[in-house]
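Worksheet: one structure, shown below.
The values are calculated or read from the model by the stated rules, or taken from the named source; none is laboratory data. As the structure is a prediction and not an experimental result, all values here were calculated from the model. A quick note on method: Cβ atoms are made from the backbone with ideal geometry, for glycine too, and the neighbour counts reach across all protein chains shown.
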C-alpha cells in the first residue's frame, strides 16, 4: 500500500509540474527517463535481485523498440495494441534466450548474454530490408491517439510516458516485493540453500529473465515513441552498458537505485553536452568520483549513512 | 519523519531543483542563434569539425555584412556522437530550450533521419548539410516541408562516377572488376547504385567478386587476399577516411595496387594528408579540390580555409558554406525566419557559388541541390593531388536520376 | 551467402593456401592484441575493459616517437614501456581499490578510464585519424611461400606473437614467479602471509599486461589507422578471443585466435556479409558446450 501511495504522489507531482512551468527540455528529460528507468530497473531485477549479471539486456530494449515501431509503420493497429504486442514479442524472445542462457553460472552467463546481444545486433544491421539496417526505421511513427492522449503533443507524450513509467515501476516493485522476489534474493545469496529448500533454480531464473526482458521491451516502446522510430544503437551493447551504469551509480540494492542512476546519467549527459564537447572526459571523471568515492550506488550509500531512516 | 516525506524525497527534491536550472529556458537576446549538430568525436570526428570550421568562417562573413535581418548570428554547436536518439534530443533542445531559430543539421546519414522527424514535428527551417543518402529528400514519405538538403547525393555521384569509370574502363580495357565496400547502408546501397549504372554504361563489365569489411574493422588482411586471388583488373571501393587509409597501408604490403587499378570516390584532402605512401593513379572523385572548379573564387576560399584552420577543407566544409549562402539569400527573399516562408523561398532557388559546376547551384523542388561540381581524375603524390579532372555531365545525371527515382517508386 | 564461392575455394589449392595463410596472419595478430587481456584475467581475475585504451595509447605513442626519432624500434619499445608504466599506475590508483568488489564496479571504472582517455587523445592528437606509415625497412615486396602471399612485415609480427605465446605460457607454468602469481590470484592472503609482496606482484602483472597491449598497438600501427575511440573494436575482438580460448589460458587464446582467423579467412568468401555473425555463433556454441572455454579450467 505504501508503494502505491508513493507512486501516486510522485505521479501527481510529475504531472503537476508542466501546469506550473512548461520546459520542453525537462519534459524531454522525463520522457527519456521513463524509458531508461524501466530499462535499468528491469535489469536490476536480474543483477541486484537474482545475482544474474546480464551484459546483453539492451537486446530486449531494442527489440521492444523495433517490434513497436515496425507494427506501427506496417499495420493499422492502435497504439496500445501495438505496444502490448511489442512487449509480448520481447517477453517471448526473452523466454527463448533465457532458456539457453540461464543454466550457465554467473561469469559465463554474462558472456553468453553479451554474445547473443551482439548476434542480435548483427542481424538487425544485416536484415536491411526489414529493419533499415544501420540507419534504423525511418519515416517516423504515426503519432496516433491513445486513450485521449494526442501523442503529437509533447505535453501528452510527457504525461503518457510518466504514467507508463510509474505503472511499470509499480509492477516491478510488486514483483520484487512478492514471495517470488524473495525467492530470487534467496537464490542470489545462497543458491545451494535455495535448491535444498526445493526451489527449481533454473525455472526461477528463467521467470526473472523473461519478466526483466518484457519490462525492458516496454522501455523500448517508450524510447521508440520519443525518437519516432527505432535505431540499432538502442540494441547495441554500449546501451546495455548504460543500464548497468545506471544500476551501479544509483544503487544495486535499492529498488529506486536504477531510476536515480538513470536520472543522473541523463542529466549529466544533458548538462555536459551544453558546456563542453569533451563529454567523455567530464563523464569519466564524474563516474570515477562516484565509483572511488562512494564505492557503491548513491541510494545504497545514503541508506548506509542514515540507516533506518530510508527504506 | 512522516511516512510519506522521507529523507530520500527531500534529497531528491533538492537535487532536482539544482538540476532544473539548465532546463529553464534562457531569455531571448537579439542575437540570432543557429543550431548546428554533428559528429564531433570518434573516428569520423572530422566530418563535424570541418563542417564547424566552415560555419565559423561563414558566421564571420555574414556578421561582417550585417547578419540576417539586421541581427548578428551565432552558432550553437553540439556533438551527437552520431547517435540517432541523441541527435533527436539535441535537435529538440536546440530549438525548444536554447532558442535557436534555424537549424543546420551536419549529421551523417543515420542521425539525419532522426533529426528529420524532429523537424517535421517542430516545423522549423532546417538544412541537412552532410547526409548523402538519397531517400532523405527523394522519398516523399521521408521528405519534410521545412527540411532541405544542401549536399551531394549518392545517386548523383553514382551516375557521374559510373559514366567516368565506364569510359575509363573501356579505354583501358578493364572488364573484370571487384568491389570492396563497408558493410552498412552507405556501403551496400551506394555500391549497388554504382554497379547498376556502371552496367548500363558498360554492359560487358563483370563483377567477379565482392568483399564487405565491417565499418571500422582494424584488419583487412583476409579481404585483401580474397581480392588478390580473384585477380580482378580493377577494384571499386567505397572505404573512406581511416578505413581507406588502413586498407591502403595494408594493401601496399601485399602489393595490391600493382595488381589492379583502384577506383574510389573518396580520396580527399584528409586521406591524402594522412596516407604517406598513397599509390599514384587511383581514379578518384573530387570531394573538395582547390583546383576544381578551376576558378579564382574556389582557390581563394580554399586558401582562406587553409590559412585559418591550418588544414585543408573537406567536402563537408563546402557543403556547409553553401547552406549558409542559401539561408542568406532565402532570408533576404522571404524577409522572415518562419519555417514555411523560408521553405517557399528556398524551393527552386538558384545561388551563385564557387562550388557550382557552372558557378551556380540550384535547390530543386524535392528539396535537394543540383549543379554542384563533381569531377573525377587520378591521384598523384604532389599538389594538386588529383589531376586530369573531368567534369561530370549534369544533363546525364539528371536523366538517370529520374529513371532511378521511378524505379524506386519515389515518383 | 555465397556457398558456391566457398566450395570453389575449398577445392582450389591456391585459394586454400592463400586464405589459410591470411587466416593465420589475422589469427596471430588477434592473439598479439588479446594476449595482454588474457594474462590479466588469468592471473588477477580482473577483466581489463580498458584494454583497448592501452592498445590505442601504445599506437599513438609509437606514432609520435616515430615522428620525433624516425626509429621504428624505438617507437615500439617506448610504447611498450609507456603502457607498462600506465598499467602500474592504473592498477595502483584504480583497480586495486575494487579487487573484491562486484565485477560491475571494475567495469564501471574501466569504462570511465576509456571515456577519459578517448577525449585526452582527441585533445592531444586531434580528432582526425592519423596513419603512421610503414617503416622504410619493411617497404619491400611480399614473399611467396608455398603458394601463399606473405608480407615480410607480418612474418615479423607473427614471430613476435609466437615468441610471446611461448614465453608467457612457460613463464606462468614453469617459473617460480609464474606460480607465485597464479597462487596469489587464488588466495592472496595466504600468499601474502607467506611473505610475498602481493601488491608488487599484482602491479607487475598489470605492467606486463598493459605493456603487451601497448606493444601490440605499436606493432600494428604501421598498417592501421589511429583515431580516438579505436580501442573499442579491439576490446571486443580480444574479449571474444579470451572467452572462446578460456579465461587465463595463453594456449587457449592462441588456438581461439587462430580459429577466428580461419573463420574470417573462409567466412569472407562464403559469408561475406555475416562473418562476424559466425564468430558470435561460435562464441555462443562454445559457451553452451564448454563454458570455461577451450582450454580454461572449470571455475
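Numbers at a glance
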{"read-out": "Whichever residue in segment C:64-90 is part of a helix (DSSP H, G or I) and either modelled with pLDDT under 90 or within 14 Å of another protein chain (Cβ to nearest Cβ) (or both) and, among such residues, is farthest from the chain's Cα centre (by Cα)", "value": "C:67"}
{"read-out": "Any helices (runs of 4 or more DSSP H) falling wholly within segment C:137-210 and containing at least 2 residues that are out of contact with any strand residue (DSSP E or B) (no Cβ under 8 Å at 6 or more places or on another chain), surrounded by 20 or more Cβ atoms within 10 Å (Cβ to Cβ) and modelled with pLDDT of 85 or more", "value": "C:152-174"}
{"read-out": "Options C:120, C:115; residue that is in a helix (DSSP H, G or I), closer than 23 Å to residue C:40 by Cβ, touching a helix residue (DSSP H, G or I) at 6+ places or on another chain (Cβ under 9 Å) and within 11 Å of chain B (Cβ to nearest Cβ)", "value": "C:115"}
{"read-out": "Unique residue being more than 16 Å from the chain's Cα centre (by Cα), assigned to a helix (DSSP H, G or I), more than 26 Å from residue B:91 (Cβ to Cβ) and more than 11 Å from every other protein chain (Cβ to nearest Cβ) when the list is A:77, A:85, A:45", "value": "A:85"}
{"read-out": "Selection from segment B:155-186 of residues that are free of Cβ contacts under 8 Å to residues at least 60 places away in the same chain and crowded, with 21+ Cβ neighbours inside 10 Å", "value": "B:158, B:162, B:177, B:179, B:181, B:183, B:184"}
{"read-out": "Residue B:236, sole failed condition from (1) at pLDDT 95 or above; (2) more than 14 Å from chain C (Cβ to nearest Cβ); (3) more than 30 Å from residue B:361 (Cα to Cα)", "value": "(3)"}
{"read-out": "Segments classed as helices (runs of 4 or more DSSP H), wholly inside segment B:1-105, with at least 1 members that are at pLDDT 85 or above and touching a strand residue (DSSP E or B) at 6+ places or on another chain (Cβ under 6 Å)", "value": "B:46-64, B:84-96"}
{"read-out": "Residue B:212 being closer than 23 Å to residue C:275 by Cα and away from every other protein chain (no Cβ under 14 Å)", "value": "no"}
{"read-out": "Unique residue being free of Cβ contacts under 8 Å to residues at least 12 places away in the same chain, surrounded by fewer than 24 Cβ atoms within 10 Å (Cβ to Cβ), more than 10 Å from chain C (Cβ to nearest Cβ) and over 14 Å from the mean Cα position of the chain (by Cα) when the list is A:206, A:294", "value": "A:294"}
{"read-out": "Residue in segment B:399-411 that is over 24 Å from residue B:139 (Cα atoms) and crowded, with 19+ Cβ neighbours inside 10 Å present", "value": "no"}
{"read-out": "Top-ranked residue in segment A:269-282 [being within 13 Å of chain C (Cβ to nearest Cβ) and modelled with pLDDT under 90; ranked as nearest to residue A:223 (Cα to Cα)]", "value": "A:269"}
{"read-out": "From the options A:7, A:16, A:37, residue that is loosely packed, with under 15 Cβ neighbours inside 10 Å and in a helix (DSSP H, G or I)", "value": "A:16"}
{"read-out": "Candidates B:88, B:147, B:114, B:106, filtered to the one that is at the interface with chain A (Cβ under 9 Å from one of its Cβ atoms), under 27 Å from residue B:30 (Cα atoms) and within 19 Å of the chain's Cα centre (by Cα)", "value": "B:88"}
{"read-out": "Matching residues in segment A:42-76 - criterion: being crowded, with 24+ Cβ neighbours inside 10 Å and in contact with a strand residue (DSSP E or B) (Cβ under 8 Å, 6 or more places away or on another chain)", "value": "A:62, A:65, A:66, A:68, A:69"}
{"read-out": "Odd one out for residue A:262, checked against (1) facing another protein chain (nearest Cβ under 7 Å); (2) modelled with pLDDT of 90 or more", "value": "(1)"}
{"read-out": "Residue match in segment C:20-36 (condition: away from chain B (no Cβ under 14 Å), crowded, with 24+ Cβ neighbours inside 10 Å and within 28 Å of residue A:237 (Cβ to Cβ))", "value": "yes"}
{"read-out": "Neighbours by Cβ (under 9 Å, 6+ apart or cross-chain): first from segment B:382-394, in contact (Cβ under 8 Å) with a residue 12 or more places away in the chain and at positive phi; second assigned to a strand (DSSP E or B) and surrounded by 15 or more Cβ atoms within 10 Å (Cβ to Cβ)", "value": "B:385/B:289; B:385/B:379"}
{"read-out": "Selection count where residues are facing another protein chain (nearest Cβ under 8 Å) and more than 17 Å from residue B:177 (Cβ to Cβ), scope segment B:218-233", "value": "5"}
{"read-out": "Yes/no for residue A:162 being buried (at least 24 other Cβ atoms within 10 Å of the Cβ), at pLDDT 90 or above and at negative phi", "value": "no"}
{"read-out": "Some residue of segment A:121-133 being touching a strand residue (DSSP E or B) at 6+ places or on another chain (Cβ under 6 Å) and either crowded, with 22+ Cβ neighbours inside 10 Å or under 30 Å from residue B:213 (Cβ atoms) (or both)", "value": "no"}
{"read-out": "Test: residue in segment B:151-170 that is under 19 Å from the mean Cα position of the chain (by Cα) and within 13 Å of chain A (Cβ to nearest Cβ)", "value": "yes"}
{"read-out": "Qualifying residues in segment B:239-255 (those that are within 10 Å of chain C (Cβ to nearest Cβ) and out of contact with any helix residue (DSSP H, G or I) (no Cβ under 6 Å at 6 or more places or on another chain)) - the one farthest from residue B:172 (Cα to Cα)", "value": "B:242"}
{"read-out": "Qualifying residues in segment B:125-143 (those that are surrounded by 23 or more Cβ atoms within 10 Å (Cβ to Cβ) and assigned to a loop (DSSP other than H, G, I, E, B)) - the one nearest to the other protein chains (Cβ to nearest Cβ)", "value": "B:133"}
{"read-out": "Enumeration of residues in segment B:259-296 that are at pLDDT 90 or above and part of a helix (DSSP H, G or I)", "value": "B:296"}
{"read-out": "Candidate set from segment C:264-278 (those that are part of a helix (DSSP H, G or I) and more than 10 Å from chain A (Cβ to nearest Cβ)); member that is nearest to the chain's Cα centre (by Cα)", "value": "C:264"}
{"read-out": "Selected residue [under 26 Å from residue A:53 (Cα atoms), more than 9 Å from chain C (Cβ to nearest Cβ) and either crowded, with 20+ Cβ neighbours inside 10 Å or out of contact with any strand residue (DSSP E or B) (no Cβ under 7 Å at 6 or more places or on another chain) (or both)] from A:116, A:102", "value": "A:102"}
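Quick grid of which residues meet (1) assigned to a helix (DSSP H, G or I); (2) away from chain B (no Cβ under 13 Å); (3) surrounded by 21 or more Cβ atoms within 10 Å (Cβ to Cβ):
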position	(1), (2), (3)
C:229	no, no, yes
C:234	yes, no, yes
C:239	yes, yes, yes
C:243	yes, yes, yes
C:254	yes, yes, yes
C:257	yes, no, yes
C:262	yes, no, no
C:280	yes, no, yes
C:294	no, yes, no
